[in-house]
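Participant: Please read through the structure below; I'll follow up with questions.
The values are calculated or read from the model by the stated rules, or taken from the named source; none is laboratory data. Just so it is clear, the model here is predicted, and its values are computed rather than measured. Virtual Cβ from ideal backbone geometry, glycine too; neighbours counted across all protein chains shown. Note: areas computed on protein heavy atoms with side chains; ligands, DNA, RNA excluded. Shrake-Rupley method; radii C 1.70, N 1.55, O 1.52, S 1.80 Å.
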Amino acid sequence: MNARSDAALLIVAHGSTVNPDSSAPTLAQATKIRQRKVFADVAYAFWKEEPSLRDALFLFDPESVREVYVVPNFISEGYFTQTVIPRELELNGSITKRSSGQVWKYCEPVGNHSMMTELLMKRARDIAPDVDPAETSLLIVAHGTDLNENSAVAAKREAEKIRALGKYASVLNAYMEEPPLVSDWQKLTRTPNVVVVPFFISDGLHSYEDIPRLLGIPSCHPKPLGNLTGSLDSARDDVESSGREVFRRNPYKIGGRSLFYAPSIGTDPGFADIIIDQTAKFDSEASRDRGAKLIAKS
């Protein structure tokens, strides 16, 4: 994408009031994209943290920033991308023109990008570089339940795409709270090696504690995560340092097999490329739509 001196990027994410590590990937991606100088400005906003989505309405000077690309840092379409974000940002469609003349472009969430499949496979290779894929099962784990229906669909979609490539002995989508359950991984797989990749934007209690417990991984925390004090930044550092122990001790020998456990896919640095590409994709598709309308009128 060519540099735009009159365009800004707004990355929007869920955030959390109880998980200080939730916003870390979004902050890292914003910093990385800002360093590339593709946009005149790069900012972020959250539903459950500061700056809020409402605050984002006032982040960009309409005199110098004529267009704002909004990219949801979410795994899938759903309630937040379809209802909460448009409502809070006062968007009335994919393109919203403000009274100031500033145009806001609402892009697809990062999880819809075709590069997601490649990143999942890269994460699996990185966490278990020396295993033979032909003797390995890959599990893509999402939350599940009706509260997160679309993320379950997204995990199934990615598992099907990777399975079609025929590189792994088996590729399964599994869930924390609905079948097929990740806790049944020993019944679901038969290979000597199993690689598990959480299909989440950020690491937190699900990836640090809940999924490892369901997998049968012994607790790796040197101190309880509930006893955090100090600033949000120091709490985030404490959670990340303590939680990441679970990713450093691979492989786990469980049931006579080797289990490799990866960080959440949203922590991959490649998400910065996906975010930028979602903005380019928006303009490309808008251009095609305009062309199609012109052809239809002729």
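Participant: Between residue 253 and residue 28, what is the label-point separation in nm under the 7 Å Cα-to-beta-carbon projection?
Facilitator: Between residue 28 and residue 253, the label points sit 3.1 nm apart.
Participant: Kindly report the accessible area of the chain per residue (heavy atoms of protein chains, probe 1.4 Å, no ligands, DNA or RNA), in Å².
Facilitator: Details: 14100 Å² over 298 residues.
In whole numbers, the chain has 47 Å² accessible per residue.
Participant: Now, a different point. At a 10 angstrom cut-off on C-beta neighbours, averaged per residue, how do the peptides 136-142, 115-121 rank from highest to lowest? Numbers along the way, then the final one.
Facilitator: On the way: 136-142: 26.1, 115-121: 18.9.
For the peptides 136-142, 115-121, the packing ranking is 136-142, 115-121.
Participant: With axes computed from alpha carbons, what is the tilt in degrees of helix 232-243 against the longest principal axis of the chain, rounded to the nearest 10 within 0 to 90?
Facilitator: That works out to roughly 30 degrees.
Participant: Taking only the alpha carbons of the stretch 55-99, what extent do you get along each of the three principal axes, in Å, biggest first?
Facilitator: The Cα atoms of the stretch 55-99 stretch 33, 18, 18 Å along the principal axes, largest first.
Participant: Strictly over 21 Å apart at the Cα level, which of 37/105; 37/281; 48/281; 48/122 would you flag in this model?
Facilitator: 48/281; 48/122
Participant: If you look at just the Cα atoms of the stretch 24-157, how large are its Rg and its Dmax in Å?
Facilitator: Cα radius of gyration and Dmax of the stretch 24-157 are 17.8, 59 Å respectively.
Participant: Give me log10 I(q)/I(0) at q = 0.13, 0.23 Å⁻¹ for the stretch 1-97, Debye formula, one equal scatterer per alpha-carbon, no solvent.
Facilitator: -0.44, -1.32
Participant: Quick one: helix 24-36 against the long Cα principal axis of the chain, what's the angle to the nearest 10°, folded into 0 to 90?
Facilitator: 50
Participant: Related question: For labels at residue 178 and residue 87 in the simple 7 Å Cα→Cβ model, what's the distance in nm?
Facilitator: Label-label distance for residue 178 and residue 87, simple model: 2.2 nm.
Participant: As I understand it, the value is the acute angle between the Cα axis of helix 115-127 and the longest principal axis of the Cα atoms of the chain; what does it come to in degrees, rounded to 10?
Facilitator: 30
Participant: Taking the C-alpha atoms of the chain, how large are the radius of gyration and the largest Cα-Cα span, Dmax, in Å?
Facilitator: According to the Cα coordinates of the chain, Rg and Dmax are 20.4, 69 Å.
Participant: Across the stretch 10-19, in residue order, what do the Karplus-derived ³J(HN,Hα) couplings come to in whole Hz, using 6.51 cos²θ - 1.76 cosθ + 1.60 with θ = phi - 60° and x for Gly and Pro?
Facilitator: My calculation for the stretch 10-19 gives 10, 9, 10, 9, 6, x, 7, 8, 10, 10 Hz in order.
Participant: From the phi angles alone, apply the Karplus equation (6.51, -1.76, 1.60; θ = phi - 60°) to the stretch 245-256 and give each ³J(HN,Hα) in whole Hz, x where the residue is Gly or Pro.
Facilitator: Coupling constants for the stretch 245-256: 4, 5, 8, 8, 10, 5, x, 8, 8, 10, x, x Hz.
Participant: Straight-line reach only, C-alpha to C-alpha below 16 angstrom: list the aspartates and glutamates that residue 161 could link to, leaving out same-chain residues fewer than 8 apart.
Facilitator: 118
Participant: Once a ≥ b ≥ c are taken as the square roots of the eigenvalues of the Cα gyration tensor of the stretch 106-204, is the result rounded (a/c under 1.5), prolate (a/b larger than b/c) or oblate (a/b not larger than b/c)?
Facilitator: oblate
Participant: Using the Cα centre of the stretch 1-126 as origin and beta-carbon charges of +1 (Lys, Arg) and -1 (Asp, Glu), tell me which of 64, 124, 113 is placed farthest towards the positive end of the dipole.
Facilitator: About the Cα centre, the residue reaching furthest to the positive side is 124.
Participant: With +1 on each Lys and Arg Cβ and -1 on each Asp and Glu Cβ, how big is the dipole of the chain about its Cα centre, in debye rounded to the nearest 20?
Facilitator: 740
Participant: Still on this structure, I have one more. Suppose the chain between residue 63 and residue 132 were pulled fully straight at 0.36 nm per residue; how much longer would it get relative to their current alpha carbon spacing?
Facilitator: Extra length available between residue 63 and residue 132 comes to 19.2 nm.
Participant: May I pose another question? Rank by packing, highest mean first: peptides 59-70, 96-107, 264-275, 197-208, with packing defined as the count of other Cβ atoms within 10 Å averaged across residues.
Facilitator: Details: 59-70: 18.0, 96-107: 15.7, 264-275: 21.6, 197-208: 24.2.
Taking the mean over residues of other Cβ atoms within 10 Å, the ranking is 197-208, 264-275, 59-70, 96-107.
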